[in-house]
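Undergrad: The following block contains the structure, expressed as C-alpha cells.
The values are calculated or read from the model by the stated rules, or taken from the named source; none is laboratory data. Being a predicted model, the structure only gives us computed values, none of them experimental. Cβ: placed from backbone, ideal geometry, glycine included. Neighbour counts: every protein chain shown. Ligands, DNA and RNA are stripped out before the accessible areas are found, and what is left, the full protein with its side chains, is counted by its heavy atoms. Shrake-Rupley method; radii C 1.70, N 1.55, O 1.52, S 1.80 Å.
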Amino acid sequence: MTYLAAMEFASDEYFMREALRQARRAYAADEVPCGAIIVREGEIIARAWNQVEMLKDATAHAEMLAITQAEAAVEDWRLNDCDLYVTKEPCPMCAGAIVHTRLRRVIFGCPDPRGGGAGGLMNILQMPQLNHRCVITSGILADECAALLRDFFRARREEAGLMKLTTEDTETTEERPI
C-alpha cells in the first residue's frame, strides 16, 4: 500500500467513526442505526442520522438529511467537491439524491445486498446512463457498522416477542413467537 493510499484509508476510517457516532444517536432514538457525514476539503460540513420515525417522514434517511445540511453549508445544491460517509450502503432513493447532487465520492461501511443502491441490489451511483457517477469505496469499518445494525434488529425482534430458532437437522431458520 502506498503512503497516499494508507493516508486515505486512515482518513476514511476517521470519518467513518464519526458516521458511526451518528448511527449510535439513531440507535438511542430507536431509529434504524444509520449515520452519515459529508466532508468538504477535509472538514465535516454535515452530520445526520436516520430520523424516519421521529419526523414521521419516510425520506428522513441519514444521507438525505446530511445532503440537505451540506447544501445549506455550501449555499448550492451541487456537492461535487464533497464526500459522503455513511454506515450502510445507500438505498436507491438516497443513491438517486447522491447522483443529483453530484457528490464526488461515497464511502460506506456495510453492504446491503437486498436493498442497496451502490452495488448491492443495483448500482445507481455508477450508471452510465446518468449525468454523474460517484467513486465508491465500500467496507470501511464494515464489521462495526454491521454489528450495530444486527444488534438493533435483534433487540427489535426480542421486543416484538420473536425469537430466531434454528433447526439443526434441517439447517433452516424461521421466526416464531416466544
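Undergrad: Just checking, does the range 138-159 include any residue being aromatic (F, W, Y), in contact (Cβ under 8 Å) with a residue 12 or more places away in the chain and touching an Asp or Glu at 6+ places or on another chain (Cβ under 6 Å)?
TA: Taking every residue of the range 138-159 in turn, none turns out to be aromatic (F, W, Y), in contact (Cβ under 8 Å) with a residue 12 or more places away in the chain and touching an Asp or Glu at 6+ places or on another chain (Cβ under 6 Å).
Undergrad: Residue by residue through the range 32-53, note down the ones that are β-branched (V, I, T) and touching a Cys at 6+ places or on another chain (Cβ under 8 Å).
TA: Once the filter is applied, which keeps residues that are β-branched (V, I, T) and touching a Cys at 6+ places or on another chain (Cβ under 8 Å), the range 32-53 yields I38, V39, I45.
Undergrad: Of everything in the range 61-91, what is open to solvent by less than 10 Å² (accessible area, probe 1.4 Å) and within 12 Å of R105 (Cα to Cα)? Give them in sequence order.
TA: L79, C82, L84, Y85, V86
Undergrad: Continuing with the same structure: What about G109, is it within 18 Å of the chain's Cα centre (by Cα), crowded, with 17+ Cβ neighbours inside 10 Å and more than 18 Å from I44 (Cα to Cα)? Walk me through how you get there before you give the answer.
TA: On the way: within 18 Å of the chain's Cα centre (by Cα): yes; crowded, with 17+ Cβ neighbours inside 10 Å: yes; more than 18 Å from I44 (Cα to Cα): no.
So G109 fails the test.
Undergrad: What tally of residues in the range 9-63 results from selecting those that are of a type outside the set (A, V, I, L, M), more than 24 Å from E75 (Cα to Cα) and touching a helix residue (DSSP H, G or I) at 6+ places or on another chain (Cβ under 6 Å)?
TA: Qualifying residue count for the region: 4.
Undergrad: I'd like the full set of residues that are in contact with an Asp or Glu (Cβ under 6 Å, 6 or more places away or on another chain) and over 17 Å from M16 (Cβ atoms), limited to the range 87-131.
TA: Listed by number, the list holds a single entry, G120.
Undergrad: Mind checking which residues of the range 116-130 are open to solvent by less than 20 Å² (accessible area, probe 1.4 Å) and assigned to a loop (DSSP other than H, G, I, E, B)?
TA: Across the range 116-130, the qualifying residues are G116, G117.
Undergrad: Just to be sure I understand, how many residues within the range 41-58 are open to solvent by 80 Å² or more (accessible area, probe 1.4 Å) and under 18 Å from V86 (Cα atoms)? Break it down stepwise before answering.
TA: Keep residues of the range 41-58 that are open to solvent by 80 Å² or more (accessible area, probe 1.4 Å), which gives 41, 43, 47, 53-56.
This time we only want the ones that are under 18 Å from V86 (Cα atoms), so: 41, 43, 47.
The total comes to 3.
Undergrad: Name the residues in the range 131-146 that are farther than 11 Å from R105 by Cβ, part of a loop (DSSP other than H, G, I, E, B) and open to solvent by less than 30 Å² (accessible area, probe 1.4 Å), would you?
TA: Hits for the range 131-146 are I140, L141.
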